[in-house]
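The values are calculated or read from the model by the stated rules, or taken from the named source; none is laboratory data. Quick caveat: nothing in here was measured; it's all calculated off a predicted structure. Positions of Cβ are backbone-derived with ideal geometry, glycine not excepted, and every protein chain shown enters the neighbour counts. For the accessible areas, the whole protein counts, side chains as well, though only heavy atoms, and no ligand, DNA or RNA atoms are used. Shrake-Rupley method; radii C 1.70, N 1.55, O 1.52, S 1.80 Å.
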Amino acid sequence: MNKNSSNIMALSPTTSNKRETVCIFGTGDFGRALGHKMIQSGYPVVYGSRSTQASSLIPKDAEVLSHAEAAQKASIIIIAIQRQHYNFLTSLAEILHGKVLVDISNNVKLNQYPESNAEYLAQLVPGAKVVKAFNTVSAWALQSGTLDASRQVFVCGDDMEAKQMVMDIVRALGLTPLDHGSLLAAQEIENYPLQLFPMWKFPILLSFGLVAFFFFYCLIRDVIYPYVYENKDFSFFIAISIPNRICPILALTLLALVYLPGVLAAIIQLYRGTKYRRFPDWLDKWMLCRKQLGLVALAFASLHVLYTLIIPIRSFVRWRISSQIVSQALSNKTEPLNNTDAWLSDSYLALGILGFFLFVLLGITSLPSVSNNVNWREFRFVQSKLGYLTLILCTAHTMVYGGKWFLSPSSYRWYLPSAYMLSLIVPCIVLVVKFVLIFPCLDKPLTQIRQGWERNPQYSE
Amino acid sequence: MNKNSSNIMALSPTTSNKRETVCIFGTGDFGRALGHKMIQSGYPVVYGSRSTQASSLIPKDAEVLSHAEAAQKASIIIIAIQRQHYNFLTSLAEILHGKVLVDISNNVKLNQYPESNAEYLAQLVPGAKVVKAFNTVSAWALQSGTLDASRQVFVCGDDMEAKQMVMDIVRALGLTPLDHGSLLAAQEIENYPLQLFPMWKFPILLSFGLVAFFFFYCLIRDVIYPYVYENKDFSFFIAISIPNRICPILALTLLALVYLPGVLAAIIQLYRGTKYRRFPDWLDKWMLCRKQLGLVALAFASLHVLYTLIIPIRSFVRWRISSQIVSQALSNKTEPLNNTDAWLSDSYLALGILGFFLFVLLGITSLPSVSNNVNWREFRFVQSKLGYLTLILCTAHTMVYGGKWFLSPSSYRWYLPSAYMLSLIVPCIVLVVKFVLIFPCLDKPLTQIRQGWERNPQYSE
Amino acid sequence: MNKNSSNIMALSPTTSNKRETVCIFGTGDFGRALGHKMIQSGYPVVYGSRSTQASSLIPKDAEVLSHAEAAQKASIIIIAIQRQHYNFLTSLAEILHGKVLVDISNNVKLNQYPESNAEYLAQLVPGAKVVKAFNTVSAWALQSGTLDASRQVFVCGDDMEAKQMVMDIVRALGLTPLDHGSLLAAQEIENYPLQLFPMWKFPILLSFGLVAFFFFYCLIRDVIYPYVYENKDFSFFIAISIPNRICPILALTLLALVYLPGVLAAIIQLYRGTKYRRFPDWLDKWMLCRKQLGLVALAFASLHVLYTLIIPIRSFVRWRISSQIVSQALSNKTEPLNNTDAWLSDSYLALGILGFFLFVLLGITSLPSVSNNVNWREFRFVQSKLGYLTLILCTAHTMVYGGKWFLSPSSYRWYLPSAYMLSLIVPCIVLVVKFVLIFPCLDKPLTQIRQGWERNPQYSE
């Protein structure tokens, strides 16, 4: 290792002007982009290609040779060809022996092949040191130099010295290498660029469904009903009034759905008397996207706050208030302050503000850089204690908002209750069950089960 | 090292299907959880236990052997037993020679023992390579797979090769290893999971105290006084009006307390004529929690903004405005626009908006991922220049808010001044002293002192 | 390497009480601060100095010897002297052979010398292992212990073992080492502490210019014009009304300027028929500060939101509304609800809320810790798709805001159109051009070009 290392070091002297030659197999778009960038960073580049005719597309400072000749010129070879064409490398096995092969390939589908491209390459050329790298950057980004997004290059490989050499090249190109360990990580690294927010799919689809349902529900109650019975055109409610009903409903429901799986899991564990049996699949998946559910809920809560705060600027609201005042003035009477109304109005606003404030706090602690700086004890304190406090405050906010009319029969239209009442169902269930689970007669066995105790040991797998 | 490494590599071939056997000493909850997870990730697991009877709790794919037999089967041994029982390992010293021992233990109290558990283990089995890891993840989190919180596993150890092997296992389990250097870091790593926001204790206790004080102060002035003298029931002020007095007061006072220790430190250094003597302990501690103080202040400022923005929706405010307008209409007079009032109202709102905006900016730059991306010069620019600008704007906001009534005797009730006037004390002191310190006659020697100059060199320790 | 390593390890036994001696050349401020800190962390420190008289400034637990004597006592030597004085080290070349030299120097200007100080040092003492470190922390911060800012210490060097030793010291001092690879990175590390938000300069200067222009534009239209023609004093508009005109204008214009360079680049590429020629320099620079432009735009948008939300609390607004209502009451007429007005008012508010919401989402994804957790596909989805949606919503918000008076001649004062109309110019250009570029007849060749196709291959460099 030491000898090897000193040899390599000898090739890269301390002056920044001379760098070790890099060989690139393949003259496709990504191979050319990488070559351009490397030449810019001072690396001599040699292309290995089937046709050694100098193509005008290839950076003019780069040499183009046959694969065998090119490979002999460098100790690092970047394999910028597609996996289907890897086969021909077996014929070069002797020349590639001891060289560092950098696999930069990506697939078109997740888990397209049983083993990762890099591991397949390592099997084809057993004597070479295979390193997976560069597959997470795009050719376009490399070329344009506008690396707004992640500059991270995931690197993995079994040979530490080879990995180090590749990571130094990554750094020289102005990117940030991230060591992902041995070549076992290659599959994951190859899947990474193909993902499009996989954890967000369920929460977003769920909220689309709920938004659609509550939109039509509110449309019927708040626009169609008054049009049919009172012949009033409140169609402009679609812009603000109805969204401002849907948003809090979704925020509260989704927030409750964050805590529902935990409560279900506790019931299942209590019933089974063990924690060593797997939860049903749907529960597992649900638990894994709780963070995303919570953030979508926070997004709806934020929209609700914005929609609420602009209420006094709305032309409709100004008209309504001014016509009320004018009619009061004309009828020559001044209403005294209704203390109960003042209390109800101020309480539900205060509860909403505190709930939203804690909700934002929860959101901030789920930022990766913040949650990486807290330990488990702190994380559990914030997400569980503060989380439930948020749920309680938001549920109370919704209940007090109903105020005197809560559950009164006059608020039914076409037998449909007010929309906000529907939003209370899930949170109330969660809070009641959680409250029951806190009782010592249930909390004590649950704690024991979570520490590994089993009621019927034969149950364990 | 090289030989060692190649031997180890030989055991972990490049195909992802075969992984090296891991031995776990101890069949407690965490040992079982870790074993389950490792088997899921493809590692053959051998348990070393006093009683080799296969317990139903142990994952069924794992073998259970005596400690000596189990240790011989693997080159990595995870010590999942408590520190009190480490003693028996000395009898296995010969078998453990050259093996990697992973210490995963945690203590119940901070700094429970003079040396860390991992260092104690290294002393007991001098021939083994001890690595500290896994103590920051919980058994529950490992088992449920819902690693919402930090996936970071702190790793430290004196042998780089051994550390690398452990870090590869960490990565294979889907966690993120973080190299903390040599075994010297073990104490810190063992203390980490026991902390519960240690830096936040002082700021939060302080603000609880201040909130309590100002709550009763405002209760007396704004609720009890009008009840006694005017027989008016303003008890609903408790929900919004009083919190909206307390929040800005705390925000401003805490923000000033962020900058007070820096000013005090400058005075102490000027007085002593040297920077080489330690500050008093309380000042050191105060300086270390300035960031937390500032964030608590920002929280109160945000609440103040929310409480203020919902003012026009409050039922009480609507009633007050409409009764004013009705009485105007009935008395048949229209007031002309008072230009001074318009100026004062708009100025204090504008100052508040700009102050809050800068305050949020300060908060964003204190996010770990942001502050890690700025250098010292930039950080000092933001925290010092922008910080003082924020303090000036917020103080001015409070002063202009008082407007024409500022310091007028009619605003005293039971000899108590308005609460907002109390909040101006600390910020004004800080700003005045800071202003004095900027004068060249004080700034020049201070700069010299901070660059290492001393007035009376004999003072140095 | 192995032998070397075991020797070094032998010097630092596993007990945390004994640590290897560190030698510091130079007794200047930073040398002393580092020495203090190291002694606190348990390292024996030896100073190498020209005058070996014990100065009172030097920590009293440290020995002061001649350079040669001091160097012999330790295997790590920290060079705390200025680059100009490095020359004398050549005379010590023999003693320094094989030692680890830590270069901690900083320059006064960016790229002051052709090669970095650390590379210069490595040339002067070829037998030593040079490591660059510690230049990013300040002496003041080290001494005061209040490391609020980045605790990151960038480390680079050609010898891995030497780098590891330095990184362990960094960790022992409570700082976070960050491996930047080989000594080639030293130049970048030395430039780092000298920067002051280099990427923000252009966006901030640009917005200052635009703010100044629009301030005077609005001053003329909204304050001077009514004063001249109607003799009304609206000078207090300077505090809120005019800022609340400027902020949305700048937010929209800057947001459009984020997307303009991408559109220009596409036109240039289509025209040239290749992606292999460099863009003009101004376009390159513009593209590199798009993120900063977007964040400045978001700052103006946030201010606009705050300024808008406090409208109903403004004394002027309350006076205007109440005098309108009073005059209505006195003239004994109630206006019916104007449905068009209600629609327009609600629509522009709803568009603004959704636009701002997406804008904040864009801002959050540009936080380093968030953007590091998304891949290119996700990043492009957010920044491109969501970004254009934000631009469309904000442009529509501004257009609907104009409502019925949009482009009506009565809104001209002194031939000046309303300021908000000027803000629509750039966004409309961007959206129209982008819309044209989406047509398949232009989108197809553009995609081909971006994948490496060339219309006239001879054009390539």
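Each residue was assigned an accessible area with a 1.4 Å probe, and for residue A:340 the value is about 80 Å². Among the residues of A:304-310, the average count of other protein chain beta-carbon atoms within 10 Å of the residue beta-carbon is 6. For residue C:247, the accessible surface of its heavy atoms amounts to roughly 10 Å² (probe 1.4 Å, protein chains only, rounded to the nearest 10). Where does the charge balance sit around residue C:273 when Lys and Arg score +1, Asp and Glu -1, over other residues with C-beta under 10 Å from its C-beta? Value of the local net charge: +3.
Residues whose amide H lies under 5 Å from that of residue C:102, counting only those 5 or more places away or on a different chain, are C:77, C:78, C:79, C:131; hydrogens are built 1.01 Å from N in the peptide plane.
Entry note, chain A: relative contact order of 11 percent, from Cα contacts under 8 Å with a spacing of 6+ residues.
When all protein chains stay in place and ligands, DNA and RNA are ignored, the 1.4 Å accessible-area order of A:359, A:215, largest first, is A:215, A:359. Simple rule: put +1 on each Lys or Arg Cβ and -1 on each Asp or Glu Cβ in chain C, find the dipole, and look at C:220, C:369, C:418; the Cα lying farthest toward the positive end is C:418. In straight-distance terms, cross-link reach from residue B:99 covers every one of the lysines whose alpha-carbon lies under 16 Å from its own, apart from those fewer than eight places away in the same chain; here that gives B:3, B:73, B:129, B:132, B:163. Each of C:351, C:293, C:236 was placed along the dipole of chain C (beta-carbon charges, centred on the mean Cα), and the one lying farthest toward the positive end is C:351. Mean per-residue shielding of peptide B:339-351 is 6, counting Cβ atoms of other chains within 10 Å of each Cβ. The 1.4 Å probe gives accessible areas that order C:250, A:386, largest first, as A:386, C:250.
Accessible area of residue B:85 (1.4 Å probe, protein heavy atoms only, ligands and nucleic acids ignored): about 90 Å². A Cβ-based charge dipole, computed about the Cα centre of the range C:200-451 with Lys and Arg at +1 and Asp and Glu at -1, lands at about 780 debye.
For the range B:334-347, backbone phi angles converted through the Karplus equation (6.51, -1.76, 1.60; θ = phi - 60°) give residue-by-residue couplings of 10, 6, x, 5, 8, 5, 5, 4, 4, 4, 4, 4, 5, 5 Hz, Gly and Pro being listed as x. Remark on the range A:200-451: hydrodynamic radius 20.6 angstrom, per the Kirkwood mean of 1/r across alpha carbon pairs. Peptide C:185-197 has a mean shielding of 3, counted as Cβ atoms of other protein chains within 10 Å of each residue's Cβ.
Comment: the Cα-to-Cβ extended label point of residue A:337, at 7 Å, lies 3.0, 3.0 nm from its counterparts in the other copies, nearest first.
Note: relative contact order over the range C:200-451, using C-alpha pairs below 8 Å and six or more positions apart, is 29 percent. For chain B, the antiparallel share of DSSP beta bridges with both residues in that region comes to about 10%. Taking the Cβ of residue B:49 as the centre, find all other residues whose Cβ is under 12 Å away and add up their charges (Lys, Arg: +1; Asp, Glu: -1). Spelling it out: positives minus negatives among the neighbours equals 0. Based on DSSP H segments of at least four residues, each scored -39500 (n - 2.57), chain C has a per-residue ellipticity at 222 nm of -16500 deg cm²/dmol.
Ranking C:305, A:337, C:264 by how far each Cα lies toward the positive end of the dipole of the protein assembly as shown (charges on Cβ) leaves A:337 at the top. Return the lysines within reach of residue C:37: Cα separation strictly under 16 angstrom, same-chain partners fewer than 8 residues apart disregarded; answer none if there are no such residues. In chain and number order, the partners are B:275, C:18, C:60.
Among B:214, A:234, the sequence by solvent-accessible area, most first, with a 1.4 Å probe is A:234, B:214.
Projecting 7 Å from Cα along the Cα-to-Cβ direction, the label point of residue C:425 sits 5.6, 5.6 nm from its equivalents in the other copies, listed shortest first.
Distances, shortest first, from the label point of residue B:282 to those at the same position in the other copies read 6.1, 6.1 nm; the point lies 7 Å along Cα to C-beta.
Each pair of Cα atoms in the range B:22-194 enters the Kirkwood radius, and Stokes-Einstein at 37 °C and 0.692 mPa s then converts it into a translational diffusion coefficient of 207 µm²/s.
The eigenvalues of the Cα gyration tensor, multiplied by 5 and square-rooted, give the protein assembly as shown an equivalent ellipsoid with semi-axes of 56, 37, 37 Å from largest to smallest.
A simple count of charges around residue B:28, restricted to other residues whose Cβ falls under 15 Å of its Cβ and scoring Lys, Arg +1 and Asp, Glu -1, yields +3. In straight-distance terms, cross-link reach from residue A:232 covers every one of the lysines whose alpha-carbon lies under 22 Å from its own, apart from those fewer than eight places away in the same chain; here that gives C:333. When DSSP beta bridges are restricted to pairs lying wholly in the range C:22-194, around 10% turn out antiparallel.
Looking at the range B:147-280, I'd like the Rg to Rh ratio, where Rg is from alpha-carbon atoms and Rh is Kirkwood's inverse mean 1/r.
Expressed as Rg/Rh, it is 1.25.
Taken one residue at a time, the phi angles of the range B:286-303 give Karplus couplings (6.51, -1.76, 1.60, θ = phi - 60°) of 4, 5, 6, 10, 4, 4, 5, 4, x, 6, 5, 4, 5, 4, 5, 5, 5, 4 Hz. Gly and Pro are set to x.
In chain B, the alpha-carbon atoms span a convex hull of 247 Å³ per residue.
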